[in-house]
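Read through the structure below, which is laid out as structure tokens, and then see the notes.
The values are calculated or read from the model by the stated rules, or taken from the named source; none is laboratory data. No experiment lies behind these values; they were computed from the predicted model shown. Every residue, glycine as well, gets a Cβ built from its backbone with ideal geometry; the counts of neighbours run over all protein chains shown.
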Amino acid sequence: MIKIIKNFIKRILNQLFKKRGHIKLGIYGPPNSGKTTLANRICKDWLGEEMGAVSKIPHETREVQVKEKITIKFKNKELSFKLIDTPGITTRIDYEDFLKYKISEKKAKERAKEATRGIIEAIKWLEDMDCVIVVLDATENPYSQVNITIIGNLAARKIPVLIVANKIDLKKAKIKKVEAAFPQYDVVGVSAEYGNNMEEFYESLYRLVK
């Protein structure tokens with residue numbers, strides 16, 4: 001009986017903590033899908049600062065980055081959370097892939113090692129996530145092995161997911177294809193770089209986390 005009461009109190013406390021902004025919200029996805037660009041957009045919108053560097057070179061983000069508390073307010077709603085931006089998940093990292101970006105062989109090998117460590121770190125962080133935003137490049141094929149692996153991993157862990165189809169400012173963007181690939185989840189199309197459709201994103205985020 002005492003154990004039941006303790007578990008009940010623990011659940012109540014967890015709910016209270018989450019309402020106070022202790023929700024851990026992770027951003028996951030393949031390399032160059034725009035994860036850090038979205039994280040920067042969120043931080044600029046509500047904190048007036050960026051979260052991390054971005055570039056066209058894959059695996060620019062090679063370590064997990066954290067913003068302890070972000071509070072968003074819109075349409076008489078308020079939502080607070082800890083934002084965790086993670087390195088791009090991939091099944092293969094080859095240092096030679098970096099050489100075409102005019103990076104020296106030494107730096108390319110270092111970058112590959114750092115990226116590998118970053119992926120391992122990102123996967124470990126899944127154990128601690130309350131909700132996850134999966135950012136996909138809407139101009140790319142959503143049925144890739146990496147995307148299916150990420151979504152499958154989250155589904156197995158029963159973590160609430162919002163899929164962001166990023167780069168809708170580009171002509172090749174196909175949101176409907178992303179929706180068809182993962183019909184079990186809400187999909188919202190945005191341009192994290194230009195801030196297009198962020199209001200709908202925040203509305204979707206509220207429904208995910210509430």
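Could you list all residues from segment 165-204 that are under 19 Å from residue 155 (Cβ atoms) and of a type in the set (A, V, I, L, M)? Passing the criteria: 165, 178, 180, 181, 187, 188. Would you be able to say whether some residue in segment 76-99 is exposed (fewer than 13 other Cβ atoms within 10 Å of the Cβ) and in contact with a strand residue (DSSP E or B) (Cβ under 9 Å, 6 or more places away or on another chain)? Within segment 76-99, one or more residues are exposed (fewer than 13 other Cβ atoms within 10 Å of the Cβ) and in contact with a strand residue (DSSP E or B) (Cβ under 9 Å, 6 or more places away or on another chain). Looking only at residues in segment 32-57 that are free of Cβ contacts under 8 Å to residues at least 60 places away in the same chain and in contact with a Gly (Cβ under 7 Å, 6 or more places away or on another chain), the one that is farthest from residue 148 (Cα to Cα) is 39.
Restricting 158, 124, 174 to those that are touching a residue at least 12 places away in the same chain (Cβ under 8 Å) and either over 27 Å from residue 80 (Cα atoms) or not polar (S, T, N, Q) (or both) reduces the list to 174.
Count of segment 100-117 residues, restricted to those that are of a type in the set (Ser, Thr, Tyr) and surrounded by fewer than 15 Cβ atoms within 10 Å (Cβ to Cβ), is 2. Residue selection: residue 65 satisfies the criterion of being free of Cβ contacts under 8 Å to residues at least 60 places away in the same chain and closer than 30 Å to residue 47 by Cα.
I'm trying to understand the selection: among the residues of segment 121-143, which are aliphatic (A, V, I, L, M) and within 10 Å of residue 62 (Cα to Cα)?
122
Annotation for segment 186-208: no member residue is modelled with pLDDT of 95 or more and in contact with a Pro (Cβ under 7 Å, 6 or more places away or on another chain).
For segment 145-192, a tally of residues being surrounded by 15 or more Cβ atoms within 10 Å (Cβ to Cβ) and of a type in the set (Gly, Ala, Ser) returns 6.
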